[in-house]
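The values are calculated or read from the model by the stated rules, or taken from the named source; none is laboratory data. Bear in mind the structure is a predicted one, so any value in this text is a computation, not a measurement. As a convention, Cβ positions derive from the backbone with ideal geometry for all residues, glycine included, and neighbour counts pool all protein chains shown. To get the accessible areas, we keep the full protein, side chains included, count just its heavy atoms, and leave off ligands, DNA and RNA. Shrake-Rupley method; radii C 1.70, N 1.55, O 1.52, S 1.80 Å.
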Amino acid sequence: MKKIIKIIIVVVLILALVWVLKYFKDSNEKSVEDFKTAEPFYTSINTKTVATGKLNPEEEVELKPQISGIIDKILVEEGDIVKKGDVIAKIRVVPNEQSLVGASGQISTAKLSYNNAKTLYDRNKKLFDKGVISRQDFENSELALNQAKETLNQAQNNYQIIKRGSLSGGGSANTNIVALIPGTILEIPVREGDQVIESNNFNAGTTIATIADMSKMIFEGKVDEAEVGKLEEGKEIKVILGAINEKEFPAKLTFVAPKGMEENGAVQFTIKADVDVEPSTKIRAGYSANAEIEMESRDSTLVIKESLLQFNRITEKPFVEIEKEEGKFEKQNVELGLSDGINVEITEGVKEGDKIKVWNKASKEDNDEDDN
């Protein structure tokens, strides 16, 4: 009986030992994971920045009156295309009563001076014809008469301008506002019957209409201070209009502001670019636009997928794991160059043909997409 018990115990121990050995074997086999690998490759890599802004006409003119008055008639509408010299609106002058009375008084004074000079001239002419006075005295009286006549004419002209708005004003006394450039009427901020103020050295005056040449458009946007140092005037860029189905237009950078402005804690620099607009494209002033600007580029440079990079937790330096023997990998520090967010340039640490460990889900997905 005791012998049977011993045999049973030995069998149980042997079975337990076999189970333990099998457990550790299975555990070790699970710990060995078969990693995929990816190789560096040569390609072109570009870095870009996007500047947000608007599309505006290069030439935009505000029409302002040269004399105060009331809008008598507006002859165009917003959106109309006009030529240089076309009449945009007519102004009826409403004279200031005080100015009118002053001008009338100047005419009366000038008439008195003229009549007095005429009387002296007539008398001196008779005396000169009789040889009583010298030629010089006669010529002095003639000069005084001419000066008095000119003063009277000037006073009458001033009165006419104050009353009617112009020397040639008719019964309706209108002053024409004409287009200074050919283009499209963008805005008419006044209506018939509105009072307008003349433009002078002390007052900008009332804007009657805004005209712009829509065939010449410029992009105005802003870029961050970290990127403005890489921009150069004359650089070819691309302007995208979201309002026209993300349509792209070629453009040339013409201006980079020498001074930045702080906005929301960041320094922004204004840029401008001439946009090549197709005549058939219906462009409107003020469209929101984005400008794609190529900052740096490399042709046929050695790159890897950025998702293959790992970083040292202490030094934060990048590294990759390169396969040395089958199933064994070795860490290799790398020096990085340009990156477009997908591929990154490797300047040191990896060479063509190296097999780099695909270590995370993102890098596996990238590698699978390349295989497809």
Whenever you get a sec, compute what percent of the accessible area on the chain sits on carbon and sulfur atoms (1.4 Å probe). 49
Taking amide H positions as placed 1.01 Å from N in the peptide plane, with prolines and chain starts having none, which residues 5 or more places from LEU336, or on another chain, fall under 5 Å of its amide H? THR347
With angles folded into 0 to 90 degrees, how steeply does helix 97-129 sit against the dominant principal axis of the chain? Use alpha carbons for both and round to 10. 40
Measure off 7 Å from each Cα along the Cα-to-Cβ vector at ILE7 and SER297, then give the distance between these two points in nanometres to one decimal. 8.7
Computed from these coordinates, which is volume of the Cα convex hull per residue in Å³: (1) 322; (2) 347; (3) 138? (1)
Residue by residue, what Karplus-based ³J(HN,Hα) values in Hz, rounded to whole numbers, does region 306-320 have, using 6.51, -1.76 and 1.60 with θ = phi - 60° and x for Gly and Pro? 4, 5, 7, 6, 10, 10, 5, 5, 8, 8, 6, 7, x, 8, 10
Run the numbers on the chain and let me know its relative contact order in percent, using alpha-carbon pairs under 8 Å that are six or more apart. 25
In degrees rounded to 10, the 0-90 angle between helix 361-371 Cα long axis and the longest Cα principal axis of the chain is 80
Relative contact order (%) - criterion: Cα under 8 Å, at least six apart; region: region 242-316: 26
Residue separation between SER104 and LYS216 times 0.36 nm, minus their alpha-carbon distance, gives in nm 35.3 nm
Using 15 Å as the cut-off for backbone N distance, which residues of region 243-287 belong to the label zone defined by a point 7 Å from the Cα of GLU58 along Cα→Cβ? 250-255, 272-279
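With +1 on each Lys and Arg Cβ and -1 on each Asp and Glu Cβ, and nothing else charged, work out how big the dipole of the chain is about its Cα centre, in Debye to the nearest 20.
My answer is approximately 1440 debye.
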Expected vector for region 236-241, Karplus 3J(HN,Hα) from phi with 6.51, -1.76, 1.60 and θ = phi - 60°, integer Hz, x for Gly and Pro, equals 6, 10, 10, 10, 10, 9
Assuming 0.36 nm per residue, please report the length gained on full extension of the stretch ASP122 to GLU323 beyond their Cα-Cα distance. 60.1 nm
Residues meeting the amide H criterion for GLY205 (H placed from the backbone, H to H distance under 5 Å, 5 or more places apart or on another chain) are ASN200
So what is the calculated 222 nm ellipticity per residue for the chain, using -39500 (n - 2.57) for each DSSP H run with n of 4 or more, over all residues, to the nearest 500 deg cm²/dmol? -10000 deg cm²/dmol
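Where only protein heavy atoms count, and the probe is 1.4 Å, what is the accessible area per residue for the chain in Å²?
Counting only protein heavy atoms, the per-residue value for the chain is 66 Å².
Can you tell me the order of 275-287, 202-214 when each peptide is scored by its average per-residue count of other Cβ atoms within 10 angstrom, highest first?
Details: 275-287: 13.1, 202-214: 17.2.
Top to bottom by mean Cβ count within 10 Å: 202-214, 275-287.
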Tilt relative to the chain, helix 135-164 - C-alpha long axis, 0 to 90 degrees, to 10: 50
Quick one: if you stick a label point 7 Å off each Cα along the C-beta vector at LEU143 and VAL94, how many nm between them? 4.7
